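The values are calculated or read from the model by the stated rules, or taken from the named source; none is laboratory data. Everything numeric in this text was worked out from a predicted model, so none of it was measured. As a convention, Cβ positions derive from the backbone with ideal geometry for all residues, glycine included, and neighbour counts pool all protein chains shown.
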There are 4 protein chains.
Amino acid sequence: MIKVGVVGGTGYTGVELLRLLAQHSGVELKAITSRGEAGTAVADMFPSLRGRVGLQFTDPAKSSLSDCDVVFFATPNGIAMQQAVSLLAAGVRVIDLAADFRIQDVAEWEKWYGMSHASPALVAEAVYGLPEMNRDKIRNARLVANPGCYPTATQLGFIPLLKAGCVDASTLIADAKSGVSGAGRKAETHILFSEAGDNFKAYGVAGHRHLPEIRQGLSLVAGGPVGLTFVPHLTPMIRGIHATLYARVTKEIDFQALFERAYRDEPFVDVLPPGTHPETRSVRASNVCRIAVHRPQGGDTLVILSVIDNLVKGAAGQAVQNMNIMFGLDECAGLSQLPVLP
Amino acid sequence: MIKVGVVGGTGYTGVELLRLLAQHSGVELKAITSRGEAGTAVADMFPSLRGRVGLQFTDPAKSSLSDCDVVFFATPNGIAMQQAVSLLAAGVRVIDLAADFRIQDVAEWEKWYGMSHASPALVAEAVYGLPEMNRDKIRNARLVANPGCYPTATQLGFIPLLKAGCVDASTLIADAKSGVSGAGRKAETHILFSEAGDNFKAYGVAGHRHLPEIRQGLSLVAGGPVGLTFVPHLTPMIRGIHATLYARVTKEIDFQALFERAYRDEPFVDVLPPGTHPETRSVRASNVCRIAVHRPQGGDTLVILSVIDNLVKGAAGQAVQNMNIMFGLDECAGLSQLPVLP
Amino acid sequence: MIKVGVVGGTGYTGVELLRLLAQHSGVELKAITSRGEAGTAVADMFPSLRGRVGLQFTDPAKSSLSDCDVVFFATPNGIAMQQAVSLLAAGVRVIDLAADFRIQDVAEWEKWYGMSHASPALVAEAVYGLPEMNRDKIRNARLVANPGCYPTATQLGFIPLLKAGCVDASTLIADAKSGVSGAGRKAETHILFSEAGDNFKAYGVAGHRHLPEIRQGLSLVAGGPVGLTFVPHLTPMIRGIHATLYARVTKEIDFQALFERAYRDEPFVDVLPPGTHPETRSVRASNVCRIAVHRPQGGDTLVILSVIDNLVKGAAGQAVQNMNIMFGLDECAGLSQLPVLP
Amino acid sequence: MIKVGVVGGTGYTGVELLRLLAQHSGVELKAITSRGEAGTAVADMFPSLRGRVGLQFTDPAKSSLSDCDVVFFATPNGIAMQQAVSLLAAGVRVIDLAADFRIQDVAEWEKWYGMSHASPALVAEAVYGLPEMNRDKIRNARLVANPGCYPTATQLGFIPLLKAGCVDASTLIADAKSGVSGAGRKAETHILFSEAGDNFKAYGVAGHRHLPEIRQGLSLVAGGPVGLTFVPHLTPMIRGIHATLYARVTKEIDFQALFERAYRDEPFVDVLPPGTHPETRSVRASNVCRIAVHRPQGGDTLVILSVIDNLVKGAAGQAVQNMNIMFGLDECAGLSQLPVLP
């Protein structure tokens, strides 16, 4: 049994992590910390966990995280970079669900996240936890930077095209739509039910923090800089990301076959038949990414549709997948729940 | 491995049954029938099942249902009553998720459902599949009538009170609210997104088919006729039933303790602490019923709050629970998924 | 032209008031105050008002509210009771959309609202602004206490029965469901989209502040104390209240005719034909209350269904209706917009 | 008073037309026809119109449409092309809210709509009813083809750029998202609440009927063929379209100023300040189109955000606007309702 700790279990990625870990037969949940909720039973805050998660939130200062085999950070940005060092020193492996270790260029990170990085040295060591790209490195990683939700859906949709060098890497467009849970469980006006409900809007068009993360990943694959326009939108549903990706064809190949080949052995990427449209609900509460490949009107523009559940493959599920890889478990352990539809 | 067949797998209770059965390690799904969709791969209709359910829908006439150990009917009312006889004769046990065998008084059934009953003889044999009430009878039943969604939430909330004889059985009120999936996956105008969304209404106030079903169950417990006003409402969510139950106190006892005692050993009924309010999402996609007991302002009126997922404890999950009991499996087998929140 | 001021225009009742006043040909909007947003253009905060409301929020201290003919308080509870005195002294009439002047028993008010009342003397003078009950008093009122949303829907449904003395006033039940905008535009976790969406729950069962308000109104009509169980619920829609009211018949009369007669001359109460079920969307964005009268199964329990838009007839619309009455305008002025459906 | 008839008032564009016409002081509603609902009071089908629309649906065969000054067709595609001829011959002017007269190339129309055109001769005469483009022609038109919802939002966003010749007309992308009411009030499974709710998907990526309509309009402005990739999506809200438009800059100009100049005198197009993001709810139930202009990261790709209410500016409201122009009324008559927010 792998001993697991969670730092910051009061947000949506935190409670989703608890849901998945509580159903994972290979792990033992040892500690969940929360400064604000120390002493509260986890199941009092999240009644969905009643009878299944018996732990209380503990004060980070008093917790026994260093006895764990792995600690997940489900915290706001800027926390893991302060606390990871000592855990790693104690031999604990770390998976950060926030953004602290995602961007290799520390100056770039500091610009987008508006703070100084507390552990720049660790950034270089951190492995970007997109298993479909980095499985081998994840296996031996001490520190995994779990990808963002938009970056997961977007990169999985673009990577085969860039690897094959068959599209113009300088004019990529990602028009992405997220459910509201992607904004977290924070008391903010713009994500109130009466604000975000029955409403649709773009946001952060001038620049969103996931842009440099996606650009970094795609550049690595393309072998050079990419030009990406990324427009995120908020759509009135709870879970789910739908990325609509546009790329201009530069080399003729069988694009459907390309994707099927690329993901043939991937347990959590499902390439749909030609002509279909993946729905976000077809992956709701599951770790699957479903992708469809279109070339409308036989023109020069490819349209790739990529859907995930932002809290699972876009956060907690991918983190568990990374843990499974890191500890030599079946990669699907604890992640076999079928999507909930309707 | 129990060999399982499903008749009519194209509605919401059908696909939910498939979701649960596909995750149940003790069953083998042998056949799914659908007259209209014969030849279609199940996963083409429900992409959420891709890679996990490999069956095609088969024509009922050509299916091998009689080789199964148990057959579930996830059909409209009036189908199971025609087909159950021959299956039972072939030694197959039957669980009907529709209403055909729920009402013991056949004339009453015919009045509410507007058709002649094709197998009145079987009605007497059928066991009403509410495990918390009939577990022993279910164990040996050949034919189980799986309860309706409103009746499940309502009866679980009223039964302890009526058993204890501490409320006025002649003035019960059940004000129940259902998510839209309770109306099924039929192409009808009133359940369109743009009709049922951002909208709330009562319906069937003059008389709903679940009224006689609830009244029958409560009368059995009360040991005599009960007076029940039942008002169902449609609320703009997909899954979930919230029953708000009103009963007038006739005998003073500790009502919280009464409920805790009544359900102490029930794996799927969770009595919440005093002062709390169960949310439907706290049971979303799970087989749990959560109940809270209130006595506002110390007055004479008890208010019981009871929530279930209408497709799970209110339909497919309870059917699987019944199957587990009938075949001597762990009652929780295949039903241990945690609720999905948010 | 009536000169109008609004104190606190940044919440939902505030912006709804602005929407209605901007379309009212008989008023001139002179000032909108907000401590927090002073200097901000109203239309920058609420782009729906762009091009139609040119005002900026002003600091309350610097505003010219005392030059207005009438000032609306769309503020949290406890503000109007401090500021009304001086405005009234300056000859300004006041309509408070909060609860400060709704409860005549000041001790009772202080118990439920958890603060000392700053102007108990004004409470006695204040007129409860339910036009269907108090039209004549409203006409000459200096200070109107605009009713709460639940109280409006509930009282309009119970009043004809209590006036006629045909139901048991000691066992009334109001099972009420509100859209989320009823909770206001405050940054609170429980009304986030991902908390309140796809979810249904009761709240405040032990006691809600609208209980004493409803009880006071019904007692006046009944001519003595009433026994009321009031259970509010949160339903995942933005606007709308649906009150399902239960009363036990004590005297046989034609209940449908009773309601039709009671509201025959009311411009904003619409009694539906027998057998119908009002939907909240049928009054969305309008000042209408629609009511249907049921007697299920011919039993002893009446079921009254009453729907309003909580922000219009339940708040801002009723406030404008009161203003129209107070200033001798056509009672429907500025309130003739048809409901928005779908 | 202009005498108005409506053919087919049982869908969403029909009931929206009734809502707007009932509030228009310059028109008299003479007849509403519906084959299926003849004899039904309009307000029985749409209780939101109770007390305001007294008409019954009449059989088209027995109606007096030819006595009207103008007849609106709120019918499925293929109806107006059969009935317009005789009305025009009788001197009645016609506004078709369906697609029958939108595409000038009849062969192209027949390909996309899968039927033979019944009145190809009228197609040439028909004026495309986008006032911002064709106001002068609309004034004298006998027959107006009211634009589709996606085409309205998309063309208003692209037209200034193409007129100015400052973007590459061969690589335009329109990623558009529609509320579910855009699919009409038809009993179809995919738009059920439990299918379309809490879900997001693209559809018709291979080719949508609005593609040739948009292409035709943009080509006229661009003075030559345009290359357009158009991807429509279904988003879980009732009303609203959000078009996210991408165009590559070919000539440097002040794009914000371009849009402000282009729409300076337009009563129903509102260009937002730089850096803002229009929300669909900011135009809910109103005839306004709001547009924002972005150039992310100073790159070569412009991002134009354009929102409308699909049932108002995208259908019924624009039809009333066209009527106002045709009959020399104030263009805003009956269209001055403020958006409903929240």
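Within segment D:177-215, work out how many residues are closer than 10 Å to D:PHE230 by Cβ and part of a strand (DSSP E or B).
Counting residues in segment D:177-215 that are closer than 10 Å to D:PHE230 by Cβ and part of a strand (DSSP E or B) gives 0.
Filter segment C:129-149 down to the residues that are outside any helix (DSSP H, G or I) and in contact with a helix residue (DSSP H, G or I) (Cβ under 8 Å, 6 or more places away or on another chain) and list them by number.
Step one: of segment C:129-149, the residues outside any helix (DSSP H, G or I) are C:129-130, C:141-148.
Passing the criteria: C:GLY129, C:LEU130, C:ALA141, C:ARG142, C:LEU143, C:VAL144, C:ASN146, C:PRO147, C:GLY148.
Would you check which residues across segment C:289-302 are more than 16 Å from C:ASP254 (Cβ to Cβ) and hydrophobic (A, V, I, L, M, F, W, C) and list them?
Hit for segment C:289-302 is C:CYS289, nothing else.
Free of Cβ contacts under 8 Å to residues at least 24 places away in the same chain and within 14 Å of chain A (Cβ to nearest Cβ), is that true of B:PRO274?
On the way: free of Cβ contacts under 8 Å to residues at least 24 places away in the same chain: yes; within 14 Å of chain A (Cβ to nearest Cβ): yes.
For B:PRO274, the condition - free of Cβ contacts under 8 Å to residues at least 24 places away in the same chain and within 14 Å of chain A (Cβ to nearest Cβ) - is met.
Regarding B:VAL180, is this residue assigned by TED's automatic domain parsing to the domain that holds B:ARG281 and more than 24 Å from B:ARG281 (Cβ to Cβ)?
Values: assigned by TED's automatic domain parsing to the domain that holds B:ARG281: yes; more than 24 Å from B:ARG281 (Cβ to Cβ): no.
So B:VAL180 does not fit the description; no.
Could you list all residues from segment D:151-178 that are in contact with a strand residue (DSSP E or B) (Cβ under 7 Å, 6 or more places away or on another chain) and small (Gly, Ala, Ser)?
D:ALA153, D:GLY157, D:ALA174, D:ALA176, D:SER178
Return the residues of segment C:182-194 that are at the interface with chain A (Cβ under 7 Å from one of its Cβ atoms) and not hydroxyl-bearing (Ser, Thr, Tyr); say none if nothing qualifies.
Across segment C:182-194, the qualifying residues are C:ARG185, C:ALA187, C:GLU188, C:ILE191, C:LEU192, C:PHE193.
Could you check segment D:232-342 for strands (runs of 3 or more DSSP E) lying wholly inside it with 2 or more residues that are of a type in the set (Gly, Ala, Ser)?
By residue number, D:241-248.
Pairs under 7 Å by beta carbon, first residue without any contact (Cβ under 8 Å) to a residue 60 or more places away in the chain in segment C:100-123, partner among the aromatic types (Phe, Trp, Tyr) and in a helix (DSSP H, G or I), six or more apart or different chains?
Note: pairs meeting the criteria are C:HIS117/C:TRP109.
For D:THR171, state whether it is crowded, with 18+ Cβ neighbours inside 10 Å, among the hydroxyl-bearing types (Ser, Thr, Tyr), under 16 Å from D:GLN216 (Cβ atoms) and in the same structural domain as D:THR280 (by TED's automatic domain parsing).
So D:THR171 fails the test.
On the basis of being of a type outside the set (D, E, K, R), in contact (Cβ under 8 Å) with a residue 12 or more places away in the chain, closer than 25 Å to D:ALA121 by Cβ and buried (at least 19 other Cβ atoms within 10 Å of the Cβ), does D:LEU20 make the cut?
Values: of a type outside the set (D, E, K, R): yes; in contact (Cβ under 8 Å) with a residue 12 or more places away in the chain: yes; closer than 25 Å to D:ALA121 by Cβ: no; buried (at least 19 other Cβ atoms within 10 Å of the Cβ): yes.
Taking the combined requirement at face value, the residue does not satisfy it.
Name the single residue that is surrounded by the fewest Cβ atoms within 10 Å (Cβ to Cβ) among those in segment B:64-90 being closer than 22 Å to B:ALA118 by Cα and over 24 Å from the mean Cα position of the chain (by Cα).
Step by step, filter segment B:64-90, then rank; the result is B:ALA89.
Any chance segment D:248-260 includes a residue that's crowded, with 17+ Cβ neighbours inside 10 Å and within 11 Å of chain A (Cβ to nearest Cβ)?
Yes, segment D:248-260 contains at least one residue that is crowded, with 17+ Cβ neighbours inside 10 Å and within 11 Å of chain A (Cβ to nearest Cβ).
Looking at segment C:195-216, which of its residues are more than 10 Å from every other protein chain (Cβ to nearest Cβ) and closer than 30 Å to A:ALA187 by Cβ?
C:ARG209, C:HIS210, C:PRO212, C:GLU213, C:ILE214 - these are the residues of segment C:195-216 that are more than 10 Å from every other protein chain (Cβ to nearest Cβ) and closer than 30 Å to A:ALA187 by Cβ.
Condition (residue is in contact (Cβ under 8 Å) with a residue 24 or more places away in the chain, buried (at least 19 other Cβ atoms within 10 Å of the Cβ) and closer than 18 Å to A:LEU245 by Cα) applied to segment D:186-197: is it met by at least one residue?
No, segment D:186-197 contains no residue that is in contact (Cβ under 8 Å) with a residue 24 or more places away in the chain, buried (at least 19 other Cβ atoms within 10 Å of the Cβ) and closer than 18 Å to A:LEU245 by Cα.
Quick check on this structure: which one of D:ALA169, D:ALA174 is in a strand (DSSP E or B) and hydrophobic (A, V, I, L, M, F, W, C)?
Result of the check over D:ALA169, D:ALA174: D:ALA174.
Can you tell me which of (1) surrounded by fewer than 24 Cβ atoms within 10 Å (Cβ to Cβ); (2) within 14 Å of chain C (Cβ to nearest Cβ) is the one A:GLY179 doesn't meet?
Unmet for A:GLY179, out of (1) surrounded by fewer than 24 Cβ atoms within 10 Å (Cβ to Cβ); (2) within 14 Å of chain C (Cβ to nearest Cβ): (1).
Restricting to segment A:118-136, what's the tally of residues that are touching a Gly at 6+ places or on another chain (Cβ under 9 Å) and closer than 18 Å to A:GLN216 by Cα?
Residues meeting the conditions: 3.
Among the numbered criteria (1) at pLDDT below 95; (2) of a type outside the set (S, T, N, Q); (3) touching a Pro at 6+ places or on another chain (Cβ under 7 Å), which one does A:VAL7 miss?
Just one mismatch for A:VAL7, condition (1).
Restricting attention to segment B:288-342, which residues are among the charged types (D, E, K, R) and under 23 Å from B:PHE259 (Cβ atoms)?
Passing the criteria: B:ARG290, B:ARG295, B:ASP300, B:ASP309, B:LYS313, B:GLU331.
Given (1) within 14 Å of chain D (Cβ to nearest Cβ); (2) out of contact with any helix residue (DSSP H, G or I) (no Cβ under 9 Å at 6 or more places or on another chain); (3) of a type in the set (Gly, Ala, Ser), identify the lone condition not met by B:GLY240.
B:GLY240 satisfies every listed condition except (2).
Select from segment B:278-298 the residues that are in contact with a strand residue (DSSP E or B) (Cβ under 7 Å, 6 or more places away or on another chain), within 11 Å of chain C (Cβ to nearest Cβ) and not aliphatic (A, V, I, L, M) and list them in ascending order. Talk me through it step by step, then tell me what you get.
Taking segment B:278-298 as the starting set, the residues that turn out to be in contact with a strand residue (DSSP E or B) (Cβ under 7 Å, 6 or more places away or on another chain) are B:278-280, B:282-283, B:288-296.
Of the ones still in play, those that are also within 11 Å of chain C (Cβ to nearest Cβ) are B:278-280, B:282-283, B:290, B:292-296.
Matches in segment B:278-298: B:PRO278, B:GLU279, B:THR280, B:SER282, B:ARG290, B:HIS294, B:ARG295, B:PRO296.
Taking only pairs six or more apart or across chains, which ones have beta-carbon atoms under 9 Å, a first residue in segment D:292-304 that is among the polar types (S, T, N, Q) and modelled with pLDDT under 95, and a second residue that is in a helix (DSSP H, G or I) and surrounded by 18 or more Cβ atoms within 10 Å (Cβ to Cβ)?
Hits for this filter: D:GLN297/A:LEU211.
I'm trying to understand the selection: among the residues of segment C:217-236, which are touching a strand residue (DSSP E or B) at 6+ places or on another chain (Cβ under 8 Å) and more than 8 Å from every other protein chain (Cβ to nearest Cβ)? If you could, list the steps in order and put the result at the bottom.
Just the residues of segment C:217-236 that are touching a strand residue (DSSP E or B) at 6+ places or on another chain (Cβ under 8 Å), to begin with: C:217-218, C:226-235.
Matches in segment C:217-236: C:GLY217, C:LEU218, C:VAL226, C:LEU228, C:PRO232, C:LEU234.
Tell me, please, whether a residue that is surrounded by 17 or more Cβ atoms within 10 Å (Cβ to Cβ) and assigned to a loop (DSSP other than H, G, I, E, B) can be found in segment C:150-164.
no
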